[in-house]
1. In what sequence, largest accessible area first, do 15, 78 appear using a 1.4 Å probe?
2. Over the stretch 102-157, what portion of Cα pair distances is larger than 14 Å, expressed as a whole percent?
3. Who wins for biggest fluctuation among 130, 138, 102 in a Gaussian network model of the chain, springs between alpha carbons below 10 Å?
4. Pairs of Cα atoms under 8 Å, at least six residues apart: use those to get the relative contact order of the chain, whole percent.
5. By per-residue mean of other Cβ atoms within 10 Å, what is the highest-first order of 22-28, 53-59?
6. Extension gain residue 110-residue 22, at 0.36 nm per residue separation less the Cα-Cα distance, in nm?
7. Kirkwood hydrodynamic radius (Cα pairs, Å) of the stretch 73-173?
8. If you count only protein heavy atoms and use a 1.4 Å probe, how large is the accessible surface of residue 52, to the nearest 10 Å²?
Amino acid sequence: MTSADRASALQRGLHALHRLEDLFLALMLAAMILTAAAQILLRNLFEWNFSWGDPLTRLLVLWVGLMGALVATRQNRHIAIDLVTHLLPARIRAGVQALTSLFAAIVCGVVAWYAAIFILDERGYGSAGLLGLPDWLLHSVIPLGFGLISLRYALHSLIRSHAAVTGTQDVAP
């Protein structure tokens, strides 16, 4: 297998992963909207609701938010305050972006680390959450999401560092 074949296989694998992420996010968003709409209709029309509807909606907001942030990081569409980098030459701009991506990777990594500690502590308590599922499992998206976001920022940093050193244009990871 040549290096071009390996690169092509890697690109196909990444594309499949990205499509799976997008599908998962869309399904969670649809479930959140349908659950919230059903709760509103049932309350207003029948003065009744699902006891699990509101907790599920809150949980889905957490999952959609973190998975949406993961997709935004993948597409390099996260919120950023850029006052001067657009004025810099391309190589220096890539270097500054590499540093800011590295900083974001470190911050998200620290959040993932402490969230994992929290989840492990929560697992030790063994409390049941929504529909009898363990709370730690339902909230495991926090360390998972921040860990993946950290990894994506680290990849962005490496790519932009390469662009800064070589003067080539960076490509999306």
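The values are calculated or read from the model by the stated rules, or taken from the named source; none is laboratory data. Bear in mind that the values here come from a model prediction, so they are computed numbers and not experimental data. Because the Cβ atoms are built from the backbone with ideal geometry, glycine has one as well, and the counts that use them run over all protein chains shown. Surface areas here come from the heavy atoms of the whole protein model, side chains and all, with no ligands, DNA or RNA. Shrake-Rupley method; radii C 1.70, N 1.55, O 1.52, S 1.80 Å.
1. 15, 78
2. 53 percent
3. Among 130, 138, 102, the largest mean-square fluctuation in the Gaussian network model of the chain belongs to 130.
4. Working: 157 pairs, mean separation 41.2, N = 173.
Relative contact order, the chain: 24 percent.
5. Working: 22-28: 13.7, 53-59: 16.0.
Order by mean packing, descending: 53-59, 22-28.
6. Length gained between residue 110 and residue 22: 29.1 nm.
7. 15.2 Å
8. In the full protein context, residue 52 sits at about 90 Å².
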